[in-house]
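Asker: Below you will find the structure I want to go over with you.
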Amino acid sequence: MEHPQPSSVSQDLSEALKEATKEVHTQAENAEFMRNFQKGQVTREGFKLVMASLYHVYKALEEEIERNKGNPVYAPLYFPEELHRGPALERDMAFWYGPRWQEAVPYTQATERYVRRLHEVGRREPELLVAHTYTRYLGDLSGGQVLKKIAQKALDLPGSGEGLAFFTFPNIASATKFKQLYRSRMNSLEMTPEVRERAIEEAKTSFLLNIQLFEELQELLTRKAEAQSPVQAQGPRRRAGSGTQGPTPTETPRGKPQPSVLSQAPLLRWVLTLSFLVATVAMGLYAM
């Protein structure tokens, strides 16, 4: 006699990931800074910090994609010409930080934590890469154009799109059709039930890592606004060649954050810019 399969197994992978991330998506979507961002409350300083973090995150993600492009656990999702953000982010870094941007771009602790997790997955558990590419790329395609227009207006940026290359996908004619193709490829990946469940958990981790990153950036700007004491504020540091950080209170021994990452950091009006990239993820998942 055949027994009915659990819903998480009978669902397509893309639908299972969307369902599993609903709660954390709602937490981000209902945050006050999310609502205020859509009113155009974004500053150049905060936007620069967000873009710098994205540069480091996508550099790590795409290094691991290249490492696993021939691996059957990821190969069907390899779309470098259409999706990869590395070259676009390098142009954005040059715009925001100048010709010597590689020496100037900040690298925060939460960003480093996110980067470490991406390298760990790519090297040890490449079958979980789909969780990170799903969260990031499909989110960018879903909410990116709206956010680009908001930032362009709020920051008085050139109509040519300088400083916002990250949000432009010149090799994708229709975001809707491409997302359908991408989800179809995701659903074709061969996974055991155990791997599938780990991929679903990794999607939650990916979302939480994004939230941790923006909470940290928000705190950095809040400290700068409230306290006139740089000694007490731990600002973003330059990227070190090596050296790792120990686990924080919001991490498990495996380096995965817990769902309690939505802290009560002060929300000054001008700091609300940091909702920008949380919005990218949240709006993206909502549209998926």
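Asker: Starting at the first residue of the stretch 51-58, write each ³J(HN,Hα) from the Karplus equation 6.51 cos²θ - 1.76 cosθ + 1.60 with θ = phi - 60°, in whole Hz, x for Gly and Pro.
Answerer: These are the phi-based 3J(HN,Hα) values: 5, 5, 5, 4, 4, 5, 5, 6 Hz.
Asker: Over the Cα atoms of the stretch 13-226, how large are the radius of gyration and the largest Cα-Cα distance (Dmax), in Å?
Answerer: My reading of the Cα-based Rg and Dmax gives 17.1, 51 Å.
Asker: With a 10 Å Cβ neighbour count serving as the proxy for reagent exposure, in which order, fewest first, do 21, 133 appear? Show your work: numbers first, answer last.
Answerer: Values: 21 24, 133 21.
The order, fewest Cβ neighbours first, is 133, 21.
Asker: Compute, for the stretch 29-162, the length of the dipole vector about the Cα centre, with Cβ point charges of +1 (Lys, Arg) and -1 (Asp, Glu) only. Units Debye, rounded to 20.
Answerer: Details: 19 positive and 19 negative charges, 56 e Å.
Here the size comes out at about 260 debye.
Asker: Oh, and also: If each residue's Cβ is checked for other Cβ atoms within 10 Å, how do 156, 92 rank with the fewest at the top?
Answerer: Result, fewest neighbours first: 156, 92.
Asker: How would 196, 116 line up from fewest to most surrounding beta-carbon atoms within 10 angstrom?
Answerer: On the way: 196 18, 116 15.
Starting with the residue having the fewest Cβ neighbours, the order is 116, 196.
Asker: Pairs to check: 153/177; 148/179; 22/148. Give those whose C-alpha atoms are more than 26 Å from each other in this structure.
Answerer: On the way: 153/177 28 Å; 148/179 19 Å; 22/148 24 Å.
Beyond 26 Å: 153/177.
Since every read-out is calculated from the coordinates, none of them should be taken as a lab result. Nothing here was measured: the structure is a model prediction, and the numbers come from that model. All Cβ positions, even for glycine, are placed from backbone atoms using ideal geometry, and neighbour counts span all protein chains on display.
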